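Before any comments, here is the structure.
The values are calculated or read from the model by the stated rules, or taken from the named source; none is laboratory data. This one's a predicted model, so the numbers in the text were calculated from it and none came from an experiment. Positions of Cβ are backbone-derived with ideal geometry, glycine not excepted, and every protein chain shown enters the neighbour counts. Ligands, DNA and RNA are excluded from the accessible area calculation, which covers all protein heavy atoms including side chains. Shrake-Rupley method; radii C 1.70, N 1.55, O 1.52, S 1.80 Å.
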Amino acid sequence: MCLAIVMKKDDWKAKELTLLVLYAVAFYAFIISRSLLLSHDHALKLYRLRPGWIFSSRLNDESDAQWRNFRGNIPILTLVFALFSLLANMSRPFFGLKAKGMSLVWLSISLVYLSYLHGVCTIFILSIAAFNFFLVKIFARTKYFSFVLWVFNIFFLLCNRIYEGYSFSIFGKQWAYLDNYRGNFRWHICFNFVILRMISFGYDYHWAHEASSFDRKKHTQRCHICMSGKECYRLLQERSVMKDNFSLSIYLCYLVYAPLYIAGPIISFNAFASQLDTPQKSYSAKDISWYGLRWIISFILMELLTHLFYYNAFAISGLWKILSPLDIFIIGYGVLNFMWLKFFLIWRYFRFWSLICGIEVPENMPRCVNNCYNMESFWKNWHASYNKWLVRYMYIPLGGSQRKLLSVWIIFTFVAIWHDLEWKLLSWAWLTCLFFIPEMLLKSAANALQVESSFQKFLFREFSALAGAVTITCLMVANLVGYVIGPSGVNWLISKFLSRDGLPVLGGMFLSFYVGTKIMFHIDDVKQRKP
């Protein structure tokens with residue numbers, strides 16, 4: 001009897017999945033055909049379209065400055081990192097180098113790299129970093145430590161932006177000539193990542209003098225990576241390194257480590273220092289080669305995307321303002337997918353080189369943007385290494401789950417300021433918090449429910465799918481406000497979608513997100529059944 005019920009349930013799920021997949025195929029077929037038509041009809045009105053190389057008749061969307069700069073510098077970056085990696089990897093076995101020795105090698109290599117990027121502005125980076133080092137050493141064992149560390153780092157985070165990296169002339173006219181040697185890349189943009197590393201060093205040094213609550217034995221018994229004989233990132237992060245590793249040379253090496261310096265991913269000081277001593281063993285040479293090949297395939301996908309669909313050019317040019325609600329939805333959805341793939345490629349490129357050099361860092365974008373149906377899952381899988389940093393150095397010190405409703409406002413405000421000093425980013429942060437709070441309350445209530453019967457489980461699953469559709473809609477709105485239309489466009493966006501033409505689009509969008517959420521549930525079911 002029970003077996004028959006299970007078989008009937010599985011048969012119903014299979015039929016449901018078939019219908020959902022058919023809807024998804026039709027949805028993407030429509031999105032693709034409509035996007036091609038939009039890009040073709042409006043190409044002459046869009047900014048930053050350049051002659052393409054894949055299709056002779058198609059232009060290439062180069063409107064995103066970050067992607068344009070990264071794509072254009074891939075050849076020189078690859079050459080530089082190949083030479084630097086070869087030098088570092090040959091030095092380790094030849095001289096029998098451990099943590100301090102490798103830190104000096106990488107520090108020397110990285111300073112050459114920084115000198116090319118920032119010229120004499122490297123002095124600013126090293127001066128602020130040295131000041132932070134000595135503050136940490138002085139205040140680490142005092143009750144004022146957290147206050148001093150955060151005030152110092154937020155002060156320079158803001159000042160660097162306000163004064164645009166400072167001018168040497170402010171220190172005297174005799175130094176003004178140095179402004180002619182500022183390098184090829186603005187140092188205060190990269191320094192945002194250095195700020196995160198300085199805070200990580202400070203807290204890891206501070207906690208090294210306290211009793212650790214991390215139970216390594218219990219963790220190893222539960223972690224499938226550690227059980228296999230490897231070391232997971234959490235173990236590397238929570239396990240405090242030897243006191244000798246908190247030296248000035250290893251600290252500076254950590255801050256300016258060349259493969260991760262420009263864009264991350266972000267790694268904690270403990271995890272970095274422990275791998276300087278013993279290179280990562282989680283990825284074999286074959287694994288790293290396959291990782292690189294997958295990156296090349298993803299890069300080709302991005303080239304196809306920018307040659308066929310001009311989503312970002314629509315957003316940059318402001319042409320979306322004259323489009324129909326349906327086309328606005330398509331452009332907004334396309335921009336989010338473009339952003340995901342852009343960051344996916346940038347972060348995996350630098351992680352690939354770090355792996356070659358023996359340092360494993362957390363994977364950013366471990367999950368596709370179209371496979372996240374709640375806020376928490378989205379932020380854990382968008383900038384995953386940053387999320388780990390925020391949890392360790394902000395969320396837990398602020399009180400963790402006991403003060404979640406308060407800490408989310410502080411954390412997202414910091415994230416917005418860390419990205420840039422813009423009102424639209426603060427609007428994005430606060431909108432995200434507004435959408436986050438109902439989800440947290442509903443999730444807490446759902447966890448308290450006792451769902452037992454099949455009908456209750458069915459209702460709960462349907463309610464969860466509807467909640468997922470609402471969440472995805474909120475994420476789209478928050479990101480459109482933060483990265484496309486700005487806070488001034490919120491009223492316009494609402495009026496556009498609540499109009500006679502907009503309401504059917506809003507309903508279709510919600511239905512599509514509901515279907516997408518149900519498909520994600522089926523994907524999760526398959527993953528749970530795997531051993």
* Say we look at region 260-319 and pick out the residues that are among the hydroxyl-bearing types (Ser, Thr, Tyr) and assigned to a helix (DSSP H, G or I); which of these is farthest from the chain's Cα centre (by Cα)? -> Ser317
* Asked: Considering region 177-206 alone, what residues qualify as being closer than 18 Å to Tyr116 by Cβ, open to solvent by less than 30 Å² (accessible area, probe 1.4 Å) and touching a Ser or Thr at 6+ places or on another chain (Cβ under 8 Å)?
  -> Trp187
* Unmet requirement for Glu376, which otherwise passes all of (1) acidic (Asp, Glu); (2) crowded, with 16+ Cβ neighbours inside 10 Å; (3) within 17 Å of the chain's Cα centre (by Cα) -> (2)
* Taking the stated definitions as given, is Leu336 within 18 Å of the chain's Cα centre (by Cα) and modelled with pLDDT of 95 or more? -> no
* Would you tally the residues in region 320-364 being over 22 Å from Lys380 (Cα atoms), assigned to a helix (DSSP H, G or I) and either open to solvent by 20 Å² or more (accessible area, probe 1.4 Å) or of a type outside the set (A, V, I, L, M) (or both)? => 9
* **Within region 228-243, considering residues that are polar (S, T, N, Q) and open to solvent by 50 Å² or more (accessible area, probe 1.4 Å), the one farthest from the chain's Cα centre (by Cα)** => Ser228
* Taking only pairs six or more apart or across chains, which ones have beta-carbon atoms under 7 Å, a first residue in region 332-344 that is more than 21 Å from Gly292 (Cα to Cα), and a second residue that is modelled with pLDDT of 90 or more and in a helix (DSSP H, G or I)? -> Gly334/Ser35; Gly334/Tyr311; Val335/Tyr311; Val335/Asn312
* **Criterion violated by Phe147 - all others in (1) in contact (Cβ under 8 Å) with a residue 60 or more places away in the chain; (2) open to solvent by 50 Å² or more (accessible area, probe 1.4 Å) satisfied** => (1)
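Conditions (1) more than 27 Å from Asn337 (Cβ to Cβ); (2) surrounded by fewer than 22 Cβ atoms within 10 Å (Cβ to Cβ); (3) in contact with a Lys or Arg (Cβ under 6 Å, 6 or more places away or on another chain); (4) in contact (Cβ under 8 Å) with a residue 60 or more places away in the chain, marked per residue:
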residue	(1), (2), (3), (4)
Gln221	yes, yes, no, no
His224	yes, yes, no, no
Ser247	yes, yes, no, yes
Thr278	yes, yes, no, no
Ile297	no, yes, no, no
Leu308	no, yes, no, yes
* Asked: Inside region 283-305, can you point out the residues that are touching a Leu at 6+ places or on another chain (Cβ under 9 Å) and among the hydroxyl-bearing types (Ser, Thr, Tyr)?
  -> Tyr283, Tyr291, Ser298
* Evaluate the following for Ser213: is it free of Cβ contacts under 8 Å to residues at least 40 places away in the same chain and open to solvent by 10 Å² or more (accessible area, probe 1.4 Å)? => yes
* To do: Could you tell me whether Leu426 is of a type in the set (A, V, I, L, M, F, W, C) and open to solvent by less than 60 Å² (accessible area, probe 1.4 Å)?
  => yes
